[in-house]
Structures are given as C-alpha cells and as structure tokens.
C-alpha cells in the first residue's frame with residue numbers, strides 16, 4: 001500500500017481526492033474532495049456509507065433524496081480553512097445526494113461504511129466545539145465538528161486540526177489500532193492536508209507514522225503539501241510538523257469495526273511523558289486562529 005498520496009495521485013473525475021475503502025485497502029473510512037466551478041453541481045449515491053459534506057472554501061446547497069423524501073440544506077461555508085469554522089450537512093446511506101454551488105468552491109466529503117441509517121441533518125457552525133489541545137510548541141486547535149459525543153453518526157468520526165507554523169501536533173505519538181474496551185479503539189484514519197502560504201510561497205509540513213507491532217507495520221515519513229493525504233491503517237502516528245511561517249491544517253477522517261463509536265487512544269510509551277509538561281507552559285498565543293461563531297438570533 002502507498003500510504004502517502006501526494007496531491008493529484010488520488011484524483012478521479014470531479015474529485016481532487018477520492019479515497020474509498022477499496023482503494024485504501026481497508027474496511028470503513030473514505031474521503032473525497034470535490035471541486036466545483038461557479039454554478040457547478042455534482043450528484044453521487046451514498047450507497048452503503050454515511051457522509052458529511054464540509055465546505056473547505058465556498059458555500060453550497062446539499063440535497064439528499066431517498067425513500068423517505070427530499071432534504072435540502074444551505075451551507076454558508078467559509079473563505080478557507082484558516083479563517084472560520086464551517087457549517088456542514090450529514091447525508092445518510094442509501095440516498096442520492098447533490099452538492100451545488102453558485103460561487104464554486106471545494107468541499108470535503110468525509111465518509112464511513114455503516115449499517116444504521118440516520119436522518120439527514122444540518123450542522124450549524126455555532127454548534128462546533130473549538131478545543132485548544134496541548135501547550136507550548138505542542139499547541140494546536142481542534143474543530144470537533146463530528147467528534148464522537150458531539151455529533152451523532154453510526155461509525156464516522158471527523159475533526160479538523162490547525163497547527164501554527166513551527167509547532168508539532170499529533171504529539172505525543174499515539175495509536176488506535178486494536179480493540180481494547182475502555183482503553184483503545186480500532187480506527188482507520190485519513191489525514192488530508194492544507195497549508196497557509198506566505199507572500200506567495202506555499203507551505204509544507206512533515207508526517208510521521210511508525211510501526212506499533214500490529215497490523216501492517218505502517219512506516220511513513222512524508223513531506224506533505226497542499227492536497228496531500230496520508231493513510232493510517234495502524235501504527236503510532238505523530239508528530240505532524242508545521243514548518244515555521246506556515247500554519248498547517250489537516251482533516252482527520254476515522255471509522256472502524258468496534259461496536260462503540262469512540263476515539264480512545266494509546267500514547268507511545270517513550271513519549272507519553274510530554275503531556276506532563278503541558279501544565280507548566282502557556283498555550284501558543286496565536287491560538288485560537290478563530291472561535292465558534294455566536295448563534296444568530
């Protein structure tokens with residue numbers, strides 16, 4: 001398996017990224033990044049998977065049609081991932097979904113094979129918890145739009161992470177590649193990256209995955225740039241390193257076979273001590289890059 005998919009390598013038709021369980025060689029997690037021109041539209045069948053449509057840039061209308069009727073959601077979206085939290089739409093399995101955008105844009109479709117059919121729903125930006133995780137050079141921001149316990153899905157877990165330039169996130173390295181009730185979940189994971197440019201110079205970062213002794217022995221050290229993805233079927237993952245001067249964004253998509261939808265992780269025993277140092281340091285003052293918008297009255 002190729003675990004580092006550089007920009008364009010996983011493109012297919014209208015999708016700048018098209019990662020399915022079949023192409024990833026696993027059972028559950030999927031990610032598509034849809035690019036639409038102004039007044040563009042795209043229709044797809046959800047088949048056996050649940051999906052969340054998340055604007056990366058621009059706004060759109062999401063329509064889901066199934067045997068229970070037609071559901072339409074207007075997504076305001078955002079200019080880009082570094083400027084605001086976005087609203088989103090959940091569309092269930094076994095429906096036909098259309099994403100249409102008058103102004104054009106890029107839209108992430110985070111998906112997971114599932115068994116339950118949940119109702120189509122709108123997720124307002126004002127309901128997305130923004131978490132500051134870590135301190136010092138490990139400070140990062142997490143937008144928990146579809147975290148377990150925040151937004152109901154059958155199997156899908158998805159969050160956004162923003163790391164200021166020069167910081168390390170996904171640290172200490174951790175894993176979730178075996179089912180240990182109450183301690184660790186078994187989850188396949190996709191990282192999708194974007195970077196803030198500086199004076200026209202594109203950003204970049206680095207992603208590490210090291211073998212945990214389970215699964216396929218995944219071992220990755222990749223230089224990642226805009227539009228890249230990294231597949232993590234198993235292993236210790238982290239750090240995710242943002243080069244100085246360029247903020248890093250990544251979208252995490254996770255799903256797995258466990259009966260409970262939960263994000264339970266195990267820290268690498270050689271680096272777990274780093275968490276004990278966090279209370280001694282302040283959170284990076286550049287964070288948050290933005291906060292959850294207030295609810296409109």
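Side notes on the structure shown:
- Förster radius 35 Å - calculated FRET efficiency between residue 262 and residue 294, Cβ distance, rounded to 0.05: 0.70
- Per residue Cα convex hull volume in Å³ - calculated over segment 4-275: 119
- Ranked by how many other beta carbons lie within 10 Å on average, peptides 121-127, 276-282, 28-34, 141-147 from highest: 28-34, 141-147, 121-127, 276-282
- Kirkwood hydrodynamic radius of segment 74-165, from inverse mean 1/r over distinct Cα pairs, in Å: 14.8
- For segment 224-249 and segment 117-133, distance of Cα centres in Å: 23
- Model label sites at residue 280 and residue 199, defined 7 Å from Cα along the beta-carbon direction, differ in position by 3.7 nm.
- Peptides 200-210, 46-56 ranked from most to least packed by the mean count of surrounding Cβ atoms within 10 Å: 46-56, 200-210.
- Here the contact order of segment 4-275, divided by its residue count and restricted to Cα pairs under 8 Å and six or more residues apart, works out to 20 percent.
Each value in this text was obtained by applying a stated rule to the coordinates, not by laboratory testing. The model shown is predicted, which means the values in this text are computed figures rather than measured ones. We place every Cβ from the backbone using ideal geometry, glycine too, and count neighbours over all the protein chains shown.
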